[in-house]
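Engineer: The following block contains the structure, expressed as structure tokens.
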Amino acid sequence: MNGYVAAGYGITLLTLAAYALRVVWRGRSLSRAASEAASGPPVESS
Amino acid sequence: MWRDAVLVAGKDLRIEARSRVATNQVAPFAVLVLVLFAVALDADRRVLEQAAAGLLWVAVLLSTLLAVHRAQGVESAEGTGDALRLSGLDPAGIFLGKAAAVAVQLLALEVLLGVGVVVLYDIDPAGLGTLALTAGAATVGLAAAGTLYGVLATRSRVRETLLPLLLLPVVAPVLIAATRASEAALAGDPLGAAPQWLGLLGVFAVMYVGFGVVAFGPLMEEA
Amino acid sequence: MSPDAPPLVDDQREPRHFDRSRLRLGIVIAVVCGALAFLVIQGLDNATTYFRNADEAVAQRDDLGTRRLRLQGTVVPGSVRTAGDEVAFAVEYHCVAVDVRHRGDPPELFVDGIPVVLEGAFAEGTDTFASDRIMVRHTSEYRAEEGDRLALAADEACPA
Amino acid sequence: MTNRTGTASALTLSLGLAAALALAGTVALGLTLPATVEQGEYSRLIAIHPGLAWASYLAFGVTAAASALWLWPRTRSSRWDLLAGSSAEIGVVFTALTLATGSIWGRPTWGVWWVWDARLTLSALMLALYLGYLALRRVPAPVDVRARRSAIAALLAVAVVPVNHFAVEWWRTLHQGRSLAQTTPGNDLDGIFVGVMLLGFLAMTLVYCWLLVHRVRVARLEDRLDEQSLAVALDERRREAVLAP
């Protein structure tokens, strides 16, 4: 396969995958943080 | 609306005249830009001659950023912005006044830069009528767009970097059209291209003055 | 409306203010639409922004001088000659041909009968175009590789 | 579904599946397109490049529509603001990819990576405009202020989209004309290319929708967490103030 064609497809698929992973991963970490915050801040002994 | 505009424009111009920032800092900066281009490109005088129009308008564009920045800075200091908002002046009038003040400063600057280009770049000033029309239309567009985006970016700590990012893409058509029209004017417009570029400049100016008149009110209410 | 019940000042002012901002919005929208329409009409007219077709460049030869410009035309089949690092060929548009001398390597897809955009200037005192960049201009039509290339060139036949 | 973490749901699962299928089909068919006389193998990039451009127009159009809905007092709701911001971010990704794939196609076919014709210049401006929009959104400000500001900026910026779309007809460009308007109906090969291109449009649209749902949910979580942390901070400050003396 031609290098330019491969580069065009490759860059598109990789970028879309990277962006999608970033969004989904951020959604996970945020919803975890949100559920922790909703159940109150972690109790610390002082 | 118009009376408010005159009031605000007079106020801004008086402040600029007293503070002398425009004459002592902005104008020298613009001339410095011209000189730097001249030093960088002096090896080939023909390049300088061909690029004169573009360099002139790049210098104007950079100065516009400074002028807009000043015009907004005047309002963000010591609660004058709140005073202006509560003054009962028509927001459209405030917009037109601030834009007019910026436009007056830019026009003065363009005359200075024009003389600078003639002297430093050894340009034969031809087509003065077309050049004057170009400068007028481009200045109105730059001042209107600058004032509108200036108030968008105001009141944020990152204003210095945000304003160029917002404004430069918006006024890129002005840079292109003004450069092409000036090039054509300097060459005596043998191909008759100048009116088309002037038309584009006029359309841009009309559109951004219109946007500003409508959008300035809601933007001022915030914050 | 009865004349003996004058409306309150507030009642009169509020709707007037409202109407005014409405009116202003309407005027601005109309002006912006008009300006855009002007741009479109002018844009349709304004065909000289990116390149000149070969026939226009020849017609404007005297005004153009040795100014740099972009020139568009179809490579005349059979006109391509390579000599050293120069390529000589002719491009034509609307049956007006321009001789071209190009310095440097032509792009990979440069062949007879394709439309190209050339960057350069007319050489002083001649009608030969000295080009230093060839860009191949493509259309959205697709022909299979095994199809014959003559079909491309035969599209427009000029009177000899 | 109370114990799920993340922004997935039945909707995103089905959307994601459809998007993945369409994208896989586009790539498979796109890579097996026949080579053509004018462009050789490079015409295979047509399966993705126009689709990416279309998706970016769609994204910026959605941003503008959502911004208008926020500005209209009767439909004002924070959800339109979140939708506008999320859509613009995805649009920027698609615009960047459009420029990248176009450049990769242009190098072998035109002979240059980049030219300053009307279409390419406007696409670059479009990218810069929306990068500015995203920067404006990131400026710390109360939610309402941010929404109003960015809604106005979005409505100003969207003008570039139709101008860009028709630029290839209004001005002479090195870029070819609008693909669908240029094909000849009788040409079989045109039919194949148009078919694959349309599949690319569908695939990119589905990818956009899937990303958008996730991104909006992430944006809502971000805003909610901001509010919560603000509330927690205020609370702590109050307690400190009470304990201090």
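Engineer: Taking chain D as the reference, fit the longest principal axis to its C-alpha atoms, fit the long axis of helix D:143-157 to the helix C-alpha atoms, and give the angle between the two in degrees, 0 to 90, nearest 10.
Structural biologist: It is inclined by approximately 20 degrees.
Engineer: Rounded to the nearest 0.05, what FRET efficiency is calculated for C:R103 and B:L62 with R0 set to 41 Å and r the Cβ-Cβ distance? Mind dumping the intermediate values first?
Structural biologist: Working: r = 36 Å, r/R0 = 0.88.
The formula returns an efficiency of 0.70 here.
Engineer: Another question about this same structure. If R₀ is 45 angstrom, what is the calculated FRET efficiency for the pair D:L11 and B:D82, using the beta carbon separation as r and rounding to 0.05?
Structural biologist: Once rounded, the FRET efficiency stands at 0.50.
Engineer: Taking the Cα-to-Cβ direction at C:S79 and at C:D132 and moving 7 Å from each Cα, how far apart do the two end points lie in nm?
Structural biologist: The modelled label-to-label distance comes out at 2.3 nm.
Engineer: Obtain the radius of gyration and the Kirkwood radius of region B:136-223 from its C-alpha atoms and give Rg over Rh.
Structural biologist: 1.09
Engineer: Taking the Cα centre of chain B as the origin and placing charges on Cβ (Lys, Arg +1; Asp, Glu -1), which of B:A126, B:S182, B:A153 is farthest toward the positive end of the dipole?
Structural biologist: Farthest along the dipole direction, towards plus: B:A153.
Engineer: Tell me, what is the FRET efficiency for D:D235 and D:S78 to the nearest 0.05, using R0 = 22 angstrom and their Cβ-Cβ distance as r?
Structural biologist: It comes out at approximately 0.45.
Engineer: Hey, got the dipole for region D:10-227? About the Cα centre, +1 on K and R Cβ, -1 on D and E Cβ, debye to the nearest 20? Walk me through the intermediate numbers first.
Structural biologist: Details: 17 positive and 13 negative charges, 138 e Å.
Using only the charged Cβ atoms, the result is roughly 660 debye.
Engineer: Using only the Cα atoms of the protein assembly as shown, build the gyration tensor, take square roots of its eigenvalues as a ≥ b ≥ c, and label the shape rounded, prolate or oblate: rounded if a/c is under 1.5, else prolate if a/b is larger than b/c, else oblate. Don't jump to the answer; show the numbers that get you there.
Structural biologist: Working: a/c = 2.03, a/b = 1.24, b/c = 1.64.
It comes out oblate by the Cα gyration axes.
Engineer: Related question: Distances over 31 Å make up what percent of all Cα-Cα pairs in region D:10-227?
Structural biologist: Details: 6197 of 23653 pairs.
Here the long-distance tail beyond 31 Å is 26 percent of all Cα pairs in region D:10-227.
Engineer: Once the convex hull of the C-alpha atoms of region B:1-153 is built, how many Å³ does it hold per residue, rounded to a whole number?
Structural biologist: 108 Å³
Engineer: What spacing in nm lies between the two simple spin-label points modelled at C:D55 and D:R224, each 7 Å away from Cα in the Cβ direction?
Structural biologist: About 6.6 nm, to one decimal.
Engineer: Once a ≥ b ≥ c are taken as the square roots of the eigenvalues of the Cα gyration tensor of region D:8-99, is the result rounded (a/c under 1.5), prolate (a/b larger than b/c) or oblate (a/b not larger than b/c)?
Structural biologist: Oblate is the answer for region D:8-99, as a/c is 1.5 or above yet b/c matches or exceeds a/b.
Engineer: Apply the Debye scattering formula to region D:15-56, with a single equal point scatterer on each alpha-carbon and no solvent, then give log10 I(q)/I(0) at q = 0.14, 0.16, 0.17, 0.35 Å⁻¹.
Structural biologist: -0.36, -0.46, -0.51, -1.10
Every number in this text was worked out from the coordinates using simple rules, so none of it is lab data. Nothing here was measured: the structure is a model prediction, and the numbers come from that model. Methodologically, a virtual Cβ is constructed for each residue, glycine included, from the backbone with ideal geometry; neighbour enumeration extends over all protein chains shown.
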